[in-house]
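The block underneath contains the structure these notes are about, expressed in structure tokens.
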Amino acid sequence: MDKKRRKFLKIAGLSTIAGLGAPAVFNQLVKGELPGLANASDPQHGAEPQHGSEQVEAAPTGIRLGMVIDQRVFAANKGLGQKCIDACHLTHNVPNFGNPKDEIKWIWETGYENAFPYSSHNLVSDKIHAQKFLVLCNHCDSPPCVRVCPTKATFKADDGKVIMDFHRCIGCRFCMAACPYGARSFNWRDPRGKDEKGRDFIDRATYNKDFPTRMRGVVEKCNFCAERLGHGLDPACVEAAAGTNGIIYGDLNDPNSAIRRVLASNYTIQRKAATGTKPSIFYIV
Amino acid sequence: MYDGNKVIPGLIIFVALMAFPVLKNMGNAGPIPKPEKPEGVKECVKPVQFMRTSHMVLVNDWRDEVLRDGNRKKVTVAGVEYDKSLMLGCLNCHKDKKKFCDECHTYTAVTPYCWDCHFPPKETL
């Protein structure tokens, strides 16, 4: 009996050591061998180191749409900003809920300190302080809203636009929490409804029948006029400011584009660039 | 059995009442929907049978192609170009939602939420 127990304990002990030790040894062996094997057999793994280095510095490949907003033009032309806003909101059937808490914002005007909180200090010229800045979705190169979206409703298009498929939006509002620019708005109420006084949230007379509305429980944002670009038109805000050179848009990755020439010859700033989102909207202040 | 003379006739009446609608409509599928076809256009973008069963799949595929891939290449059928779009494509021919869409959707008791956002062709709201 004693002997048997002794034997049992020995075997149990040995198998415990083997059980604990074997995976570690196995992993060591596998680690030592896999990279070589993977490189030889799987081209995707071979490309991985390149992908890692891309994150350090954005590779200038493909189209990346961006905008330059010339604040000097907007400061000189009072009402031009509002004209751009109206054009956008009419084009996209943006509702007006008449309540700043529920406000739907695609493009809007805000003060210097709200637009550029990291570049504000108490000695900025009064002239700048008095101005309203036209702000919109920054169509970031590294968009946090896309990263957090659980349904891929928000995604980055091939040409750098950050756009939404409203069908897929489940209204979780993660993107609103993620966006450092407040460029996303949630439809707390049915955009096609009326308020208590019977006022329509979207004016029926100005419905744009070529673009849908949204429904309750959906997030919305500027879509860089994806539908207009697709039909060969300029974005609505650019069109509204046509002739003033207030907004220049184009491919940031094309060294010969108009927008690159403007960027090369002017000092421009981005909103909250320090957050690392790589915004594609630039401002000449 | 207690009160058998009441319970059994009661059961028979109950079963007869419950079965009445089924028996009455036996072999009758109700009024068959007749969606109004657009005038002057003979051919849809896909065969009729496919459209009948799978138009929603096609519309979803179009949406993904247009939005995700930016592929707005028009669909050409019998020399006519159609936008890959519900509002800008389908509804250009099928001009009456009530007489076309609703006809079958009501019959099959489906309520697609297209119209929560998209405008029917004769939108008056």
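The values are calculated or read from the model by the stated rules, or taken from the named source; none is laboratory data. Quick caveat, the model's predicted, so the values are computed rather than measured. Reconstructed Cβ throughout: ideal geometry from the backbone, glycine too, with neighbour counts over all protein chains shown.
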(message) Tell me yes or no: at least one residue of segment A:263-275 is assigned by TED's automatic domain parsing to the domain that holds A:V124, crowded, with 18+ Cβ neighbours inside 10 Å, closer than 21 Å to A:T110 by Cβ and touching a Phe, Trp or Tyr at 6+ places or on another chain (Cβ under 9 Å).
(response) yes
(request) Please state which one of A:N77, A:N138, A:N114, A:N96 is of a type outside the set (V, I, T) and within 26 Å of A:N253 (Cβ to Cβ). (result) A:N138
(message) Any residue in segment A:139-166 that is under 13 Å from B:L67 (Cβ atoms) and within 14 Å of chain B (Cβ to nearest Cβ) sitting within a Cβ distance under 6 Å of a residue that is surrounded by fewer than 18 Cβ atoms within 10 Å (Cβ to Cβ) and among the hydrophobic types (A, V, I, L, M, F, W, C)? List the pairs, counting only those 6 or more apart or interchain.
(response) A:D159/A:I63
(message) For segment B:45-67, check the following and say yes or no: at least one residue is in contact with a strand residue (DSSP E or B) (Cβ under 6 Å, 6 or more places away or on another chain) and at negative phi.
(response) yes
(request) Among what's in segment B:84-102 and is charged (D, E, K, R) and crowded, with 17+ Cβ neighbours inside 10 Å, pick the residue that is modelled with the highest pLDDT. (result) B:K84
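How many residues, within segment B:86-113, are at the interface with another protein chain (Cβ under 9 Å from one of its Cβ atoms) and either hydroxyl-bearing (S, T, Y) or within 12 Å of the chain's Cα centre (by Cα) (or both)?
Here is the first cut: in segment B:86-113, the residues at the interface with another protein chain (Cβ under 9 Å from one of its Cβ atoms) are B:86-88, B:113.
Among the residues that remain, those that are also either hydroxyl-bearing (S, T, Y) or within 12 Å of the chain's Cα centre (by Cα) (or both) are: B:113.
Number satisfying all stated conditions: 1.
Would you tally the residues in segment A:203-220 being of a type in the set (A, V, I, L, M, F, W, C), within 13 Å of chain B (Cβ to nearest Cβ) and surrounded by 21 or more Cβ atoms within 10 Å (Cβ to Cβ)?
Number satisfying all stated conditions: 1.
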(request) Please give the helices (runs of 4 or more DSSP H) falling wholly within segment A:1-58 in which 3 or more residues are modelled with pLDDT of 50 or more. (result) A:2-41
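I'd like the residue in segment B:65-85 that is out of contact with any helix residue (DSSP H, G or I) (no Cβ under 6 Å at 6 or more places or on another chain) and within 8 Å of chain A (Cβ to nearest Cβ) and, out of all such residues, is nearest to A:L65 (Cα to Cα).
Step one: filter segment B:65-85 for residues out of contact with any helix residue (DSSP H, G or I) (no Cβ under 6 Å at 6 or more places or on another chain), giving B:65-70, B:73-81, B:85.
Now restrict to residues that are within 8 Å of chain A (Cβ to nearest Cβ): B:66-70.
Working: B:V66: 18, B:L67: 16, B:R68: 16, B:D69: 15, B:G70: 14 Å.
Among those residues, the one meeting the criterion is B:G70.
Going by the structure shown, is A:F282 aromatic (F, W, Y), within 14 Å of another protein chain (Cβ to nearest Cβ) and touching a residue at least 12 places away in the same chain (Cβ under 8 Å)?
On the way: aromatic (F, W, Y): yes; within 14 Å of another protein chain (Cβ to nearest Cβ): no; touching a residue at least 12 places away in the same chain (Cβ under 8 Å): yes.
Criteria not met by A:F282.
Would you confirm, using the coordinates I've provided, whether A:R199 is touching a residue at least 60 places away in the same chain (Cβ under 8 Å) and either more than 9 Å from chain B (Cβ to nearest Cβ) or under 23 Å from the mean Cα position of the chain (by Cα) (or both)? Lay out the reasoning, then the answer.
Working: touching a residue at least 60 places away in the same chain (Cβ under 8 Å): yes; either more than 9 Å from chain B (Cβ to nearest Cβ) or under 23 Å from the mean Cα position of the chain (by Cα) (or both): yes.
So A:R199 passes the test.
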(request) Only residues that are in a helix (DSSP H, G or I) and either of a type in the set (D, E, K, R) or in contact with a Pro (Cβ under 9 Å, 6 or more places away or on another chain) (or both): list them for segment A:92-124, please. (result) A:E113
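Across segment A:221-241, what is the number of residues that are part of a helix (DSSP H, G or I) and within 12 Å of chain B (Cβ to nearest Cβ)? First the steps, then the outcome.
Step one: list which residues in segment A:221-241 are part of a helix (DSSP H, G or I), which gives A:226-230, A:236-240.
Subset that is within 12 Å of chain B (Cβ to nearest Cβ): A:226-230.
Total meeting the criteria: 5.
Which of the residues spanning segment B:51-63 are surrounded by 13 or more Cβ atoms within 10 Å (Cβ to Cβ) and within 13 Å of another protein chain (Cβ to nearest Cβ)? Explain how you work it out, then say what you get.
Kept after step one, since they are surrounded by 13 or more Cβ atoms within 10 Å (Cβ to Cβ), are these residues of segment B:51-63: B:51, B:54-55, B:58-59, B:62-63.
If the condition is that a residue be surrounded by 13 or more Cβ atoms within 10 Å (Cβ to Cβ) and within 13 Å of another protein chain (Cβ to nearest Cβ), then B:V59, B:W62, B:R63 are the ones that fit.
Please tell me if A:G246 is in contact with a Leu (Cβ under 8 Å, 6 or more places away or on another chain) and at negative phi.
Yes, satisfied.
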(message) Which condition from (1) closer than 17 Å to A:I85 by Cα; (2) buried (at least 22 other Cβ atoms within 10 Å of the Cβ); (3) of a type in the set (A, V, I, L, M, F, W, C) is the one that A:A242 breaks?
(response) (2)
